[in-house]
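Below: one structure, written as structure tokens.
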Amino acid sequence: MIVSASYRTDIPAFYGAWFMNRLRAGGCRVANPYGGQDYAVSLRRADVDGFVFWTKNVAPFLAPLAEIHRRGYPFVVQVTVTGYPTALERSVPTAAQSVGHLKALSQTYGRRAVVWRYDPIVATGLTPRDWHVANFATLARALRGAVDEVVISFAQIYRKSARNLTRAADAHGFSWYDPADAEKIALAERMAGIAADNAMRLTICSQPALTVNGMAAARCIDSGRLSDVADRPFAARQKGNRAGCLCSESRDIGAYDTCPMGCVYCYAVAGRDAAQRSHRAHDQDAPLLTRRGRVAAP
């Protein structure tokens, strides 16, 4: 079994102590996000093929990763580095800090253990197409040799995302819009060339209609990559989370509406205030991350 930690919240940035307590205890409980019963997930070494961690700030998790490695668990860390203005991402590290952390992970655990994410791509007056091209090229050059894959996706504008983007735009004086597919494809073509020039493969997450030459579909939970990290083959069936998703089957142990990072485009948080309350209320010694985190209206 592959364990995902987590596409619902940033466990490495905010819940590392809870995760390590559950790892040492051999398991955790997860609140069903659709209102069903809580369920148990084993974290014993015999039951876990590997972990996939997702984060925008890996710094608080560097020491836990060293212990996880010593305990013999293979892992892949998906690190989002976008370099967006603070009006869009309130509390992420600077791009230079994130690049440094990502390169350190690659040097310590190998290139196959790290994936760079440049997602979601958000079109605003602060981040127009030419800005993305120049910004992506700068980051790609900085990460050349440290990663072999960069995952992109274009922001899906749910109702809560539109509401939060509009509030931020009003507060900070910028505009935003959802580009037409033709504009997204034109940007993806530029990015595919930049990625190739910097010895990395561009992949796109769950948006097959936007795939261009030089790009492949992403497998964010990738049993093949984990097998390379573990240096042993294991099989996991493909079981995507939504249309177009090619992820291997996994168990996610996070919870929605618990990440206080403050990214205004986030699909996993209805509002930052509620996420901050969830974070303050969580018990790092409890089997369950939180009893909040049910799926809110999109």
Just to be sure I understand, if you calculate volume of the Cα convex hull per residue in Å³ for this structure, which of [x] 228; [y] 120; [z] 139 do you get? [y]
Under a straight-distance cross-link criterion of Cα-Cα below 17 Å, which aspartates and glutamates are reachable from K184, leaving out those fewer than 8 residues away in the same chain? D119, D130
Check cross-link reach from K56 to the lysines: straight Cα distance under 22 Å, and skip same-chain residues fewer than eight apart. K103, K160
Once amide hydrogens are built 1.01 Å from N within the peptide plane, the residues lying 5 or more places from R201 or on another chain with amide H under 5 Å from its amide H are E149, V150
Highest mean first, how do 68-80, 248-260, 86-98 rank when packing is the count of other Cβ atoms within 10 Å averaged over residues? 248-260, 68-80, 86-98
Ranked from highest to lowest mean number of other Cβ atoms within 10 Å per residue, what is the order of the peptides 50-63, 166-179? 50-63, 166-179
Rounded if a/c is under 1.5, else prolate if a/b is larger than b/c, else oblate: which is the range 208-274, with a ≥ b ≥ c the root eigenvalues of its Cα gyration tensor? oblate
Under 1.5 on a/c is rounded, so check that first for the range 107-156, then, if it is not, pick prolate when a/b is larger than b/c and oblate when it is not; a ≥ b ≥ c are the square roots of the alpha carbon gyration tensor eigenvalues. oblate
Can you give the % of DSSP beta bridges in the range 2-281 that are antiparallel, to the nearest 5? 20 percent
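Over all directions, what mean area does the Cα convex hull of the range 1-81 project, stated in square nanometres?
Numbers: hull surface 21.1 nm².
Mean projected area for the range 1-81: 5.3 nm², to one decimal.
Give me the Kirkwood hydrodynamic radius of the range 141-298 in Å, from all C-alpha pairs, to one decimal place?
Details: mean 1/r = 0.0548 Å⁻¹.
The answer is 18.3 Å.
Suppose R0 equals 41 Å; then what is the FRET efficiency for A59 and Y34 from their Cβ-Cβ distance, rounded to the nearest 0.05? Let's see the in-between values first.
Values: r = 33 Å, r/R0 = 0.80.
Using R0 = 41 Å, I get an efficiency of 0.80.
We did not get these values from a lab; they are worked out from the coordinates using the rules stated. Values in this document were obtained by computation on a predicted structure and should not be read as measured data. Methodologically, a virtual Cβ is constructed for each residue, glycine included, from the backbone with ideal geometry; neighbour enumeration extends over all protein chains shown.
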